[in-house]
Amino acid sequence: MTAEDANTRTEPALAPVAPKQRIASLDLIRGLAVLGILAVNAAGFAAPMAAYSNADLWPFPHEGATAISKWVVGAFFRGKFIALFSMLFGVSLFLVGGERGDKARGGLLRRRLFWLLIIALVHGLAVWWGDVLLLYAWSGLFVMFARSWSPRRLMTVGLILFGLFAALQILGPLTLAFAPPETQAQVMAQMHPTPERIAAVQAQAEDAAGSLAGAYRQNTAGWIAVLVPTLAMFVFSTTGLMMTGLALFKTGFITGARQARLYGTVVVLGALALALVAWLTWRQDMAGEDLMWAGGVEFLLSPLIGLGYASVLILVWKAGAAGFLSPLAAAGRMALTNYLAQSLIMTTLFYGGRGLGLMGQVDRPMLWAVVIAVWALQLIWSPLWLSRFSMGPLEWVWRRLTYGRIAPIRQAA
């Protein structure tokens with residue numbers, strides 16, 4: 001999940017990277033990604049899984065500010081930041097495991113992925129069904145064997161894996177136009193749930209908000225529902241993104257080592273892609289058009305848009321704004337802690353039993369207020385914590401399990 005457990009330089013001893021040896025651009029991009037992911041995940045906390053992205057199942061009418069709020073998430077956030085996060089995880093596999101010939105660091109990497117798997121299972125089953133860490137641990141097993149590939153080979157294979165998966169999402173819906181009329185009618189009908197389905201989702205929200213048992217019952221059902229599709233299908237695109245991210249790291253792009261002209265070009269290309277995605281999502285969320293293939297286009301362009309965001313950040317950082325961006329970098333240094341803390345905060349608000357039980361009672365505009373409040377909290381608490389400690393609390397636990405020994409957490413005098 002993070003790229004902070006090993007140094008890019010060859011070291012004789014296996015030890016976590018010292019704070020002064022960190023790669024600043026990675027922390028900045030990771031901080032941006034972990035905050036952006038919350039904007040997308042928020043709806044998955046506030047309503048049952050079935051209503052997560054389906055406007056017809058959302059507890060409030062899809063109109064006015066509610067519709068605009070959904071469009072903002074879809075146009076500017078959905079897919080973009082998780083793509084960045086996935087690319088950075090590919091980088092971390094190399095930073096921790098080194099070249100494939102390094103058996104000691106390879107063993108360290110395998111232990112790191114194993115404990116990430118355990119953390120993911122606890123997170124998904126005991127906290128929130130939308131966990132992404134299990135997918136990262138699974139995909140990391142494949143990328144682990146490719147970490148010594150050349151940048152060209154990583155980029156080629158990565159783009160093929162990701163592109164093929166995106167193409168299926170575009171071409172699949174387009175083939176519906178050649179299906180028999182009755183098949184088309186059935187598919188279109190399934191896109192708009194029946195009153196019985198709407199009532200069932202409302203009952204799920206009440207169950208999750210009403211008690212601790214209900215919250216975990218609905219959370220477990222959601223986790224099981226996404227488990228097989230996530231591990232069987234999204235592993236291809238996630239593996240492709242990890243390979244692409246590692247290729248960009250090896251060429252110096254993610255570290256900010258390339259010329260400003262290149263980052264400016266990526267910003268322009270990302271802006272053009274963002275404009276297209278914003279237009280397509282507007283047609284769906286605001287005009288009510290059924291463009292099933294548009295989701296595939298959005299998925300295909302999301303990494304480019306995410307890299308556009310990252311390029312803006314790198315250009316600002318290269319212009320000398322490191323101090324201004326330090327809270328964001330601190331949030332990135334504590335990415336695992338902040339990601340899991342987001343789940344704990346949000347489920348405390350929306351799940352019953354151990355929280356306020358607000359599921360199904362907070363509309364999308366107010367949900368944005370919650371997201372911004374959590375952003376502010378994490379941008380404040382991350383630098384405060386790191387002013388006294390060298391890493392986040394859960395980063396320390398993960399390193400302790402990975403290295404098999406207690407790592408110092410307090411800052412050196």
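The values are calculated or read from the model by the stated rules, or taken from the named source; none is laboratory data. All of these numbers come straight from a predicted model, not from anything done at the bench. Cβ: placed from backbone, ideal geometry, glycine included. Neighbour counts: every protein chain shown. Surface accessibility is based on the protein's heavy atoms, side chains included, excluding ligands, DNA and RNA. Shrake-Rupley method; radii C 1.70, N 1.55, O 1.52, S 1.80 Å.
Ellipticity at 222 nm from helices only: DSSP H runs of n ≥ 4 in the chain, each -39500 (n - 2.57), divided by the residue count, give -23500 deg cm²/dmol. Here r is the Cβ-Cβ distance between ARG400 and LEU272 and R0 is 35 Å; the resulting FRET efficiency, rounded to 0.05, is 0.15. Here the relative contact order of the stretch 222-344, from alpha carbon pairs under 8 Å that lie six or more residues apart, stands at 27 percent.
Rounded to two decimals, what ratio of Rg to Rh does the stretch 102-158 give with C-alpha atoms and a Kirkwood Rh?
1.09
With a cut-off of 13 Å between beta carbons, the residues surrounding LEU248 carry a summed charge of +3, where Lys and Arg count +1 and Asp and Glu -1. Charged neighbours of ALA278, selected by a Cβ distance under 12 Å, balance to +1 (K, R count +1; D, E count -1). Between the helical axis of 195-210 and the longest alpha-carbon principal axis of the chain there is an angle of about 50 degrees. Among the protein heavy atoms of the chain, carbon and sulfur supply 70% of the accessible surface, probe 1.4 Å, non-protein parts ignored.
To test your reading of the geometry: what angle, between 0 and 90 degrees and rounded to tens, separates the Cα axis of helix 294-318 from the longest principal axis of the chain? Here the helix axis deviates by roughly 40 degrees.
If you wrap the Cα atoms of the chain in a convex hull and average its projected area over all directions, you get 20.3 nm².
Most tightly packed first, judged by the mean number of other beta-carbon atoms within 10 Å of their residues, the peptides 265-274, 109-118, 296-305, 235-244 read 235-244, 296-305, 109-118, 265-274.
I want to verify a result. In a Gaussian network model of the chain, Cα cutoff 10 Å, which of these has the top mean-square fluctuation: GLU395, GLU206, GLU63? Fluctuation is largest for GLU63. Peptide packing: for 130-139, 253-262, the average count of neighbouring Cβ atoms within 10 Å per residue gives the ranking 130-139, 253-262, highest mean first.
What the stretch 356-404 shows is 47 Å² of accessible area per residue, with the surface traced by a 1.4 Å probe over protein heavy atoms. Count Lys and Arg as plus one, Asp and Glu as minus one, and take only other residues whose Cβ is under 14 Å from that of GLN204; the net charge is then -1. Rolling a 1.4 Å probe across the protein heavy atoms gives the stretch 178-230 an accessible surface of 62 Å² per residue.
The Cα-based radius of gyration and maximum Cα-Cα distance (Dmax) for the stretch 306-378 are 15.8, 49 Å. The fraction of all Cα pairs in the stretch 117-213 landing in successive 10 Å bins from 0 to the largest distance is 12, 20, 25, 28, 14, 1, given as whole percents. Against the chain, whose longest principal axis comes from its Cα atoms, helix 151-174 is set at around 0 degrees.
Give me the orientation-averaged projected area of the Cα convex hull of the stretch 169-321, in nm², one decimal.
Numbers: hull surface 54.5 nm².
In nm², the orientation-averaged hull projection of the stretch 169-321 is 13.6.
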